[in-house]
Amino acid sequence: MLWAEEVKDDKEVKEVKETLIYLEHSETLNFDEERHKDAQLLKGNVIFRHDDALMYCDSAWFYEKSNSLDAFGHVRLVQGDTLQGFSDVLFYDGNTKMARMRRHVKLIHTGTTLTTDSLNYDRQADLAWYYTGGTVADSLNTLDSQWGQYTPATKQAVFKTSVKLVNPNFVLTADTLKYNTESHIADLVGPTEIVYEEETTIYSTLGWYNTQTEESMLLERSQVVHTDGKQMTGDTIFYDKQRGVGDIRKNMEMTDSVQHVTLYGHFGLFYEQERRGYATDSALLVDWSGEEKMYIHADTLYTEETAYRLPIVTEHDSVLVDSVMTAPAPDTVWQDTSYRQVKAWYGVRIYRKDMQAVCDSMRYDGRDSLLSLYKEPVLWSDQQQMSADSVTVFIREGVVEHLHGTGRAIAIQQDDDPKHFNQLSGKEILAFLQEGELREIHVNGNAETVFYPHEDENSPDVVGVNKTQSSYVKLYIRNQKIDHILFTAATTGTMYPLDKISEQETRLGAFFWAEEQRPTDERDVFRDVKKADRPADVALSARDDSEPEETAEPKGKDGKRRKTNNKK
């Protein structure tokens, strides 16, 4: 055997001895100086030992001087009690501890099996890699790639080029992937797609995915797409597939392509099984189901999808029975469908081209297309401002049809002179729109009006101020101007010259002007605006008892309402 020429102490002797390959057994040993110079030709149950590794084969060429060997036939490499390698051919260098295994290669390590045609295993670095295509399989997943490496000590693997991970529940494909065979966690370090057949697809370029628990952290604008039309996008997504919970941070988007709704924000949660989610921190909901998009901003936005059954009646043609036409009873088929409900709290601002609004809380019912506004709501359409204790907006096929306000209701329009305001107030107000333009306003119950009649339609000159009281008033609008007003027979009123009445006397008791609060476009809904001062008798309490209980914001475990900062 080969020994070192010099040693300085016992420790170094031990280290040098451990670098040598020992022949443990062979049935025959021959030499062929012409064909295999410096080689021992071994056959029959050949066994080598190097440090803590044993190598078995049918035959071998052993180069004692270079401390290396070439093994052939039923090659088996055993290292400790945790790692075994199998191949048809093995080229092993004892000085570098490099094992090159070729043809029908299999490396088995504590429940992980690596198969390939060519494998290099560096025993010194404890690192195995292949480059002609291979497969790594553990108790849960099977991974294929063109190039891969595996570290037995850490059970960490790296895969590159045409990576495919097959799990009983999903298939993951990527260009590059890191994977731990013990934790079953895949580190996503390149474009990656995870597909749950006919259910969910995940797109990401950076993050990690626990293939056992199906929990993940997805970075860099990752996406979670469901076959039912729902999609989550965010800078960071914490996603639990088994529980169906998504936690989205920064630049969040949750889109429902069926309901035509997108929810934005910098923090959001989505619960797939309950079909609900909410957003805070610059929260914005965009409803793009109709002709005009509706933008809703609030401190907190909550959305929930509710399933219900819709009856569809099918009529049958009449049939002739005994010379009498008889129509059989129609069939009723129940169709499963759903609608979306949206709730908002704190600083609600809404923008549509045909209507704008602000309030403290709101609810939108997608089944009946009803938008309900609570706590100091103010609405604008064209040049009209309307407010009441609560307001309901009726939308049909994406178009605002009419508005209904109850309790301390008032409609105001600024005249050509900015000091003059046409006003209608009462207990109840109805406003009707056609083709996106306000056409009629009805006021019912203790109706009062103040308006400034002009000499004619095109004249800016005002003839005076008309104040009336009645039980019911109808106001008609044409080209965004008051066309005419209808009163009941019991109406009383007085026309005052402008110089005989003060500005204060021209203001009805519920009057306030909130033009500064009005959203001017979809981006303006984020503007933080101070509320306009209302008359004391119109100011609302902190909680309006007329608000339905289900619109109240959910409380936390401490019983307090949630309130988050609104970042622009």
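Net charge near residue 226, counting Lys/Arg +1 and Asp/Glu -1 over other residues with Cβ under 13 Å of its Cβ? Before the final figure, lay out each step's value.
Values: positive: 230, 241, 275; negative: 197, 198, 199, 228, 256, 272, 305.
That sum, taken over residues with Cβ under 13 Å, equals -4.
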Give me the extension gain from residue 249 to residue 484: residue separation times 0.36 nm, minus the current Cα-Cα distance, reported in nm with one decimal.
79.2 nm
List the pairs from 375/467; 419/500; 427/467; 250/343 whose alpha-carbon separation is above 24 Å, in the order I gave them.
375/467
Using 7 Å Cα-to-Cβ label points, what is the residue 199/residue 96 separation (nm, one decimal)?
4.7
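Which FRET efficiency, nearest 0.05, do residue 339 and residue 212 yield, Cβ-Cβ r, R0 45 Å? The partial results should precede the final answer.
Values: r = 37 Å, r/R0 = 0.82.
That pair, residue 339 with residue 212, gives E of 0.75.
When the dipole is taken about the Cα centre of the stretch 370-551, and only Lys, Arg (+1) and Asp, Glu (-1) are charged at their Cβ, what size is it in debye, to the nearest 20? Mind dumping the intermediate values first?
Values: 19 positive and 34 negative charges, 79 e Å.
Dipole size: approximately 380 debye.
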What distance in nm lies between label points placed 7 Å from Cα along the C-beta direction at residue 175 and residue 125?
2.4
Sort 306, 262 so the one with the fewest other Cβ atoms within 10 Å of its own Cβ comes first.
306, 262
Cα lying deepest toward the dipole's positive end in the stretch 370-551, options 400, 443, 526, charges on Cβ
443
Taking the Cβ of each residue in 108, 485 as the centre, tally the other Cβ atoms inside 10 Å and list the residues starting with the fewest.
108, 485
Test of understanding: extend the Cα→C-beta vector of residue 32 to 7 Å, then name every residue of the stretch 61-99 with backbone N under 13 Å from that spot.
61-62
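Looking at the stretch 370-551 from every direction and averaging, what is the projected area of its Cα convex hull in nm²?
Numbers: hull surface 46.9 nm².
For the Cα atoms of the stretch 370-551, the hull's average projected area reads 11.7 nm².
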Given 109, 87, 69, which one lies farthest toward the positive end of the charge dipole of the stretch 34-119, if we put +1 on the Cβ of every Lys and Arg and -1 on the Cβ of every Asp and Glu?
87
Under 17 Å from a point 7 Å along the Cα-to-Cβ line of residue 495: which residues of the stretch 448-479 have their amide N that close?
449-469
For the stretch 144-283, shape from the Cα gyration tensor axes a ≥ b ≥ c, cut at a/c of 1.5 then a/b versus b/c, turns out prolate
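Can you sort 129, 513, 345 by how many other beta carbons sit within 10 Å, fewest first?
Values: 129 19, 513 15, 345 25.
Result, fewest neighbours first: 513, 129, 345.
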Can you find, among 158, 140, 233, the residue farthest towards the positive end of the dipole of the stretch 136-275? Put +1 on the C-beta of Lys and Arg, -1 on that of Asp and Glu.
158
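Values quoted throughout were computed directly from the atomic coordinates according to the rules given, and no laboratory measurement underlies them. For clarity, every value in this text was computed on a predicted model and none was experimentally measured. Backbone-built Cβ (ideal geometry, glycine too); neighbour counts: all protein chains shown.
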